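A quick write-up on the structure given underneath.
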Amino acid sequence: MTVGGQDLSQVPFEPSSETLSVKGSETATLTWVGRWKNGIVEKRVTVSGDRYDLKIDIRLSRELSDQKCGLEWRGGIGRTERHSGDELSHTKVVTFMGGVVELWDVSEAKGTTSRPSGEGGWIGIRNKYFLVSFIPEDEGQYGMKISGEQIQEGQKRFDFGLMAESRRGGWVGSLYGGPISYSILMDYHPELQRAMTWGWEWARWFMEPIGIGILRIFLTIHKLVPNYGLVIILFSILVKITLNPLTHKSYEATARMQEIQPQMAALREKYANDQQRLNQEVMKLYKEQGVNPLGGCLPVVFQMPILFALFNVFQNAIELRQAHFMGWMTDLSQPDQLSVGGVQVHVLPMLMALTMFFQQKMTVKDPKQMMIVYLMPLMMIFFFWSMSSGLVLYWTLFNLLSWAQQVAIQEVQKTQKG
């Protein structure tokens with residue numbers, strides 16, 4: 001705590017009680033009183049047994065009524081996950097001021113002299129799944145200060161503060177310390193959910209509403225189905241049904257392009273030395289056959305924001321943390337691990353790669369592109385090897401459903417031709 005810009009951590013404060021105990025919906029208040037300069041500083045902290053926040057009320061006596069108050073947090077945030085590298089990448093200071101969310105890593109905290117200031121807002125520190133934040137209750141001008149450093153064993157230390165610029169004689173607000181869960185954060189402050197990660201910050205303006213919509217549907221399904229593994233299965237089916245019109249158009253366009261490949265090859269051979277004439281004849285062929293060369297790509301482009309949002313939801317949703325599915329999949333927020341001969345194997349990435357292989361083998365007919373059929377699944381194993389099992393389970397099911405859809409489309413096309 002600071003008063004008048006000075007740190008009061010060394011000032012002795014007398015507590016109203018040595019112990020405090022609450023449970024359930026019970027509420028209790030603990031008060032500390034201390035003398036500073038020629039006045040009295042009183043700190044009141046109210047604790048509820050069923051809430052993640054502490055209500056903080058700092059009051060200054062009349063002699064100090066012209067002083068500004070602030071709160072400071074020092075030492076960063078503790079580790080909670082087994083995989084420190086992934087958690088470390090999420091460990092940052094988050095600020096919300098003037099309607100703008102900013103993330104501050106060690107480099108930004110060290111190298112930037114200007115700090116956010118403005119109306120209302122909040123400041124906090126997060127790791128992958130948890131957040132600690134100061135949230136002022138009063139409207140008015142607030143200033144923030146941030147510092148950070150990389151310390152031993154790959155850990156980060158952040159110190160930050162929130163100072164009341166327009167209010168004098170006290171500070172009223174709360175300290176939130178709890179999970180980064182959309183439904184929970186919304187209960188504590190309408191803008192606190194902005195601490196959540198939705199992918200690239202420059203794309204937040206459209207990724208956030210898509211991600212929130214996906215998360216709401218996901219949580220609604222969980223109200224009916226208590227196992228998150230089964231929720232992922234049902235959710236993947238729902239997404240596939242929703243995207244079916246776009247996917248169907250993409251498959252049909254790709255199939256039509258494959259049908260005219262012999263004619264395309266003949267044109268390339270015939271006009272090998274006349275590129276301009278070749279382009280004209282190719283466009284003429286497209287028109288005669290009713291083929292759109294971008295028809296297979298455009299539906300995929302429209303799907304990409306949804307797929308990226310799905311990736312971020314499944315990779316960062318605290319609801320999957322320590323969620324058991326079945327067998328060896330005991331934590332959907334972590335990579336699955338199955339012991340085979342004493343060696344820990346991640347089974348789901350290999351299953352996902354297998355489904356991708358069969359899916360691509362059905363669509364790729366050009367011998368020159370067959371190498372992609374074999375290389376892409378191997379690359380995806382490497383990319384998804386350390387991803388959360390919930391995310392990999394979703395992509396495996398999505399690939400499997402896409403393969404089944406391709407089989408169905410081909411059967412319908414054979415029937416129509418027959």
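The values are calculated or read from the model by the stated rules, or taken from the named source; none is laboratory data. Predicted model only: the values in this text are computed from it and were never measured. Glycine gets a Cβ as well: all are built from the backbone with ideal geometry, and neighbour counts include every protein chain shown.
Answer with yes or no whether residue 181 is within 30 Å of residue 47 (Cβ to Cβ), surrounded by 14 or more Cβ atoms within 10 Å (Cβ to Cβ) and in contact (Cβ under 8 Å) with a residue 40 or more places away in the chain. Lay out the reasoning, then the answer.
Details: within 30 Å of residue 47 (Cβ to Cβ): yes; surrounded by 14 or more Cβ atoms within 10 Å (Cβ to Cβ): yes; in contact (Cβ under 8 Å) with a residue 40 or more places away in the chain: yes.
Yes.
Yes/no per residue for (1) surrounded by 15 or more Cβ atoms within 10 Å (Cβ to Cβ); (2) aromatic (Phe, Trp, Tyr); (3) under 26 Å from residue 121 (Cα atoms):
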| residue | (1), (2), (3) |
| --- | --- |
| 3 | yes, no, yes |
| 29 | no, no, yes |
| 41 | yes, no, yes |
| 71 | yes, no, yes |
| 80 | no, no, no |
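Among the residues of the range 315-325, are any modelled with pLDDT under 85, surrounded by fewer than 20 Cβ atoms within 10 Å (Cβ to Cβ) and not polar (S, T, N, Q)?
Among the residues of the range 315-325, not one is modelled with pLDDT under 85, surrounded by fewer than 20 Cβ atoms within 10 Å (Cβ to Cβ) and not polar (S, T, N, Q), which makes the answer no.
Here are some residues: 21, 9. Which one is among the small types (Gly, Ala, Ser), farther than 27 Å from residue 120 by Cβ and not in a strand (DSSP E or B)? Break it down into steps so the answer makes sense when it comes.
Values: 9 fails: farther than 27 Å from residue 120 by Cβ.
The match here is 21.
Determine if the range 296-304 includes at least one residue that is crowded, with 17+ Cβ neighbours inside 10 Å, farther than 26 Å from residue 386 by Cα and not assigned by TED's automatic domain parsing to the domain that holds residue 127.
yes
Take the residues in the range 337-383 that are among the aliphatic types (A, V, I, L, M) and within 22 Å of residue 265 (Cα to Cα), then tell me which one is modelled with the lowest pLDDT.
By that ranking, first place goes to 364.
Starting from the range 271-288, take each residue that is in the same structural domain as residue 254 (by TED's automatic domain parsing) and surrounded by 13 or more Cβ atoms within 10 Å (Cβ to Cβ) and list its partners that are in a helix (DSSP H, G or I) and among the acidic types (Asp, Glu), counting only C-beta distances under 7 angstrom and pairs at least six apart or across chains.
Hits for this filter: 271/281.
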